[in-house]
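Undergrad: Got a structure here, written out as structure tokens. Questions coming.
The values are calculated or read from the model by the stated rules, or taken from the named source; none is laboratory data. What you see is a predicted model, and the numbers here were worked out from it, not measured in a lab. All Cβ positions, glycine included, derive from the backbone under ideal geometry; neighbour counts span all protein chains shown.
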Amino acid sequence: QAEMTQEPSELSASMGDTVRITCSGGSSSSNYAWFQQKVPVTSPVTVIYRSTNRPSGIPSRFSGSQSGSTGTLTITGVQAEDEAVYFCGSYEGS
């Protein structure tokens, strides 16, 4: 099991900002998934899977990309409801 490194570990943003969170530790053939967990603790919600895919119901301001072994979550135009913990995971295959 690869150890994932996520940067930044903490960030603050104003409404309307664009924020990016990167995740590394997988391989170039890995897929990344990104999860949102709101506080107080609720079940995590998948916001990106297979590095670039957005599940139904997730706003289009959430997007994902991958360059080599690094995955990136971008939130374009942050909204108040986006305040949450975000974490990544990597996996092989689909």
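Residues are listed down the side, and each one gets a yes or a no for (1) out of contact with any Ser or Thr (no Cβ under 7 Å at 6 or more places or on another chain); (2) under 20 Å from TYR91 (Cβ atoms); (3) part of a strand (DSSP E or B); (4) at pLDDT 95 or above:
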| position | (1), (2), (3), (4) |
| --- | --- |
| THR22 | no, yes, yes, yes |
| SER28 | no, yes, no, no |
| ALA33 | no, yes, yes, yes |
| THR46 | yes, yes, yes, yes |
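Undergrad: Another question, if that's okay. Exactly one of these conditions fails for GLY57: (1) modelled with pLDDT under 95; (2) not in a strand (DSSP E or B). Give me its number.
TA: (1)
Undergrad: Within segment 1-10, count every residue that is part of a loop (DSSP other than H, G, I, E, B) and surrounded by 12 or more Cβ atoms within 10 Å (Cβ to Cβ).
TA: 2
Undergrad: Among the listed residues ALA80, ALA13, which satisfies the condition of being in contact (Cβ under 8 Å) with a residue 24 or more places away in the chain, more than 11 Å from the chain's Cα centre (by Cα) and exposed (fewer than 12 other Cβ atoms within 10 Å of the Cβ)? Break it down stepwise before answering.
TA: Numbers: ALA13 fails: exposed (fewer than 12 other Cβ atoms within 10 Å of the Cβ).
Exactly one residue qualifies, and that residue is ALA80.
Undergrad: Would you confirm, using the coordinates I've provided, whether ARG61 is in contact with an Asp or Glu (Cβ under 9 Å, 6 or more places away or on another chain) and not aromatic (Phe, Trp, Tyr)?
TA: yes
Undergrad: Every residue in segment 37-77 that is surrounded by fewer than 18 Cβ atoms within 10 Å (Cβ to Cβ), in contact (Cβ under 8 Å) with a residue 24 or more places away in the chain and among the β-branched types (Val, Ile, Thr), please.
TA: Listed by number, the residues that qualify are VAL39, THR70, THR74, THR76.
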